[in-house]
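Notes to accompany the following structure.
The values are calculated or read from the model by the stated rules, or taken from the named source; none is laboratory data. Treat the numbers as computed from the prediction; the structure is a model and nothing was measured. Methodologically, a virtual Cβ is constructed for each residue, glycine included, from the backbone with ideal geometry; neighbour enumeration extends over all protein chains shown. Keep in mind that these areas ignore ligands, DNA and RNA; they rest on the heavy atoms of the full protein, side chains included. Shrake-Rupley method; radii C 1.70, N 1.55, O 1.52, S 1.80 Å.
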Amino acid sequence: MSLLTSVLADLLKALPDLRPHTYFKSSLTALSHAMEDLILAGSDRPLAIASFQHERFYRQEAHRYLRIAAKTDQVYVLAAPESDFKNCSDIYETIAFNPEDPLAQEWHLVVIGQQYASCLICRERGEQMPEKKSPCVGFAAVQEQSSELTLSSRLSLRPAMDIDPARRFEGIWTFDRQVSCQAAELLLNQILYYRPELAAKVAQAKQQFLGNGASKSVVAVKGKRSKSLLVEATPAFSPNPDPFAQRLVTYLQVGQYKLLKAYRSIAAQEQRERLVNTITTAIRRSLNPEEILPVAVRELGQALGVCRCLIYRAQATDKTAEIVHEFLAPGVSSLVGQTWPLEGNYLFQEAVARREPVSISNVQSDPHITALTGLQTLARLWQIGSWLMMPVLHQGRLLGIVELHHCTANARLWMKDELALVDAIATQIGVALIQSEAYANLEDLNQQLEALDRTRSNLVAITGHELRTPLSTIQVCLESLASEPDMDRELRQVMLNTALTDAERMRKLVQDFLTLSQLESGRVKWHPEALEFSECVDLALSGLRSRQHIIGSVAEITTQIPDNLPLVQADGEWLVEVLSKLLDNAYKFTSPNGQIIIQARCHGSQMLLVTVADTGRGIEPQRLEVVFDRFYQEEGALQRTAGGTGLGLAICRQIVHGWGGQIWAESVGKDQGSQFHFTVPIAPNRLASF
């Protein structure tokens, strides 16, 4: 059973001119001790009523009330019991009220003597009791500087109010006798409710200490701040409040505010360090931006409590950006998958030019936004009310953008500590992106080194085989000719022909090495001219026939070239070289009873498409790209049935790319034949009509 009424509320109702203050717990503790010390130091026998909310708070001060009870027999102590606190009449009166009673949220101390009176009536502030917008003694600095706490309160890493010294109370502290008497009467009524057996003692206290004091008038100061909240109709025996006490309260309040600010600053710093550490940990776990950026955008968006947070890659010259990584508050539209415009975006252009963050608190009224119709439409479409864009830089190079959107009607001021936090995260993101690029470049270099190593191995194997074999043959033939002067003339001719053939083979090998080296180093001087493509084909076929006595019989070669083909613009010598090597490759892997076809046709208006097809061994589909690599051999370097260095197709690719064409291979599969295609530019103003 409880009254379920608040003493503070009843006091404010009885004296409507009173205005409550906000106090910190340490301030109230100092005031309470000062009021208790006044009893202990004086000779008066006052009325003392103390309400401690809960028994645990009372136990901390019980020794003081034993001393106070030795000075007066009118001492009443109230608390909600938690262990052994109960209603008792001993050295002083103890009153145990129900924990559900509003008294459990309040802190009271009333002292009324013959020559002085003071009271402290406060209620602890909680979620259920919002802060009142009223001036308070010594607390103006807190209200004036509250904007500095914006980020800390948003971060809510751990509320500073949970720290005991930061507990706050709202209520009345005064020396006014009339207010003190009114508060004492309310508390005595509460005492009678819980302990009606004290009616005679309470009546005596009212008669002795209250009299008619509780009904006297109180005049409130209005319209300005004052160190003294109340100016009273003070009787001659009641002293004015001590100015020193007022200064003490102000000092305690400001000191407590500084402590609270320090707690919040520590919380903000801890949040910042935790956020940076989270992203740093993600960077250490992976060098993949696709794993790092989602962590960064989520943590930053949650920490700042924004409606939308974007992180995307961008360069200074980009016109658009693809949105992939995003944090969203509930009810906000997503931009993932959207092409975000950067060209003409004032914030992006300013961030790139100044290499620093650019923010807009109110998009609707900002002249830079309203002057640009496209940007204004963009902000309205995606409900952007406040905008912040932070460049992600590394050594002055733009790598990306961190973008924050506030999507409510209320403008948001981007505070310095918020900008510092976003800047710290942008720095970490920049480090991650640079490390990712460095790792990707390192992988490319490793792949190139591996390719060079394979090239070296192939070069050693192929040159060792291709040079040693003909050289050995030449040596044997020459030694035979030198050591056998009586050798049959016909056999002598065979020996000479064999030596010449292998010498030509060695010459071609060396020539291929030199040709590829010149092409890859860019030392070739091109001499393009308008040519009849059919003439180039005839030259290539003529060269093949001239070597036929060496290579033996070849497959049937057919040309399918229209008479009205346009002239091509190319270096004739190199065009014949491409055709010759493709034909060599075709007859090498096609049986004598097979077929080789040369075709040509227009490929669009600027290119001629040439195809050399055969019915030979074919190429497996997964190898169609690598056949153009240097030293590529379908068979092992030392277990081949067909000779060659593996440089022919690599040379063809370099030549075709040199005149701006393309070359590729097609094949259904093993023993299904193959087709090699390449394009040649058509000579300008010489297009044939079809």
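Some observations on this one:
- Residue that is farthest from the chain's Cα centre (by Cα) [pool: residues in segment 573-613 that are under 16 Å from ILE663 (Cβ atoms) and acidic (Asp, Glu)]: ASP584
- Residues in segment 1-18 that are of a type in the set (D, E, K, R) and either at pLDDT below 90 or loosely packed, with under 15 Cβ neighbours inside 10 Å (or both) were compared, and the one that is nearest to GLU106 (Cα to Cα) is LYS13.
- Total residues in segment 375-393, condition closer than 29 Å to PRO289 by Cβ and assigned to a helix (DSSP H, G or I): 4
- Within segment 523-534, considering residues that are open to solvent by less than 60 Å² (accessible area, probe 1.4 Å) and of a type outside the set (Phe, Trp, Tyr), the one farthest from LYS581 (Cα to Cα): ALA530
- The set of residues in segment 264-275 being buried (at least 19 other Cβ atoms within 10 Å of the Cβ) and of a type outside the set (A, V, I, L, M) consists of ARG264, GLN271, ARG272.
- Top-ranked residue in segment 29-59 [being among the aliphatic types (A, V, I, L, M) and at pLDDT below 85; ranked as surrounded by the most Cβ atoms within 10 Å (Cβ to Cβ)]: LEU31
- Scanning segment 600-616 for residues that are open to solvent by 60 Å² or more (accessible area, probe 1.4 Å) and either of a type in the set (Lys, Arg) or over 13 Å from VAL680 (Cβ atoms) (or both) gives ARG601, SER605, THR615.
- Entirely in segment 1-83, the strands (runs of 3 or more DSSP E) that have 1 or more residues that are over 14 Å from ILE112 (Cα atoms) and of a type in the set (Phe, Trp, Tyr): 21-24, 47-54
- Qualifying residue in segment 526-538 (condition: of a type outside the set (Ser, Thr, Tyr) and in contact with a Cys (Cβ under 7 Å, 6 or more places away or on another chain)): no
Residues checked against (1) within 24 Å of ASN189 (Cα to Cα); (2) of a type in the set (Val, Ile, Thr); (3) under 60 Å from the mean Cα position of the chain (by Cα):
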position: LYS25; (1), (2), (3): no, no, yes
position: MET35; (1), (2), (3): yes, no, yes
position: PHE57; (1), (2), (3): yes, no, yes
position: TYR65; (1), (2), (3): yes, no, yes
position: TYR76; (1), (2), (3): yes, no, no
position: ALA80; (1), (2), (3): yes, no, yes
position: GLU93; (1), (2), (3): yes, no, no
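- Lone unmet requirement of (1) surrounded by fewer than 21 Cβ atoms within 10 Å (Cβ to Cβ); (2) in a loop (DSSP other than H, G, I, E, B); (3) over 17 Å from the mean Cα position of the chain (by Cα) for SER334: (3)
- Test: residue in segment 292-313 that is open to solvent by less than 20 Å² (accessible area, probe 1.4 Å), farther than 28 Å from ILE384 by Cα and hydroxyl-bearing (Ser, Thr, Tyr): no
- Residues of segment 63-84 classified as surrounded by 15 or more Cβ atoms within 10 Å (Cβ to Cβ) and small (Gly, Ala, Ser), total: 3
- Among the candidates THR278, THR317, the residue that is part of a helix (DSSP H, G or I), β-branched (Val, Ile, Thr) and either within 21 Å of ASN345 (Cβ to Cβ) or open to solvent by 20 Å² or more (accessible area, probe 1.4 Å) (or both) is uniquely THR278.
- Tallying residues that are of a type in the set (A, V, I, L, M, F, W, C), open to solvent by 20 Å² or more (accessible area, probe 1.4 Å) and at pLDDT below 65 within segment 631-671 yields 2.
- Whether a residue is β-branched (Val, Ile, Thr) and part of a strand (DSSP E or B) was assessed, and ILE311 passes this test.
- Conditions (1) open to solvent by 80 Å² or more (accessible area, probe 1.4 Å); (2) closer than 24 Å to VAL568 by Cβ; (3) out of contact with any Pro (no Cβ under 6 Å at 6 or more places or on another chain); (4) at pLDDT below 90: number failed by PHE628: (1)
- Only one of the numbered conditions (1) open to solvent by 30 Å² or more (accessible area, probe 1.4 Å); (2) modelled with pLDDT of 90 or more; (3) of a type in the set (D, E, K, R) is violated by ARG397, and that is (2).
- Boolean, MET495 is outside any loop (DSSP other than H, G, I, E, B) and at pLDDT below 85: no
- Exclusive hit being in contact (Cβ under 8 Å) with a residue 24 or more places away in the chain, open to solvent by 60 Å² or more (accessible area, probe 1.4 Å) and out of contact with any helix residue (DSSP H, G or I) (no Cβ under 6 Å at 6 or more places or on another chain), set LEU347, LEU413: LEU413
- Among the criteria (1) crowded, with 21+ Cβ neighbours inside 10 Å; (2) closer than 21 Å to GLY301 by Cα, the one LEU375 does not fulfil is (2).
- Inspection of segment 352-365 finds a residue satisfying the criterion of being in a loop (DSSP other than H, G, I, E, B), open to solvent by 60 Å² or more (accessible area, probe 1.4 Å) and either closer than 18 Å to LEU310 by Cβ or charged (D, E, K, R) (or both).
- Only one entry in ASP571, ASP563 is at pLDDT 80 or above and open to solvent by 70 Å² or more (accessible area, probe 1.4 Å), namely ASP563.
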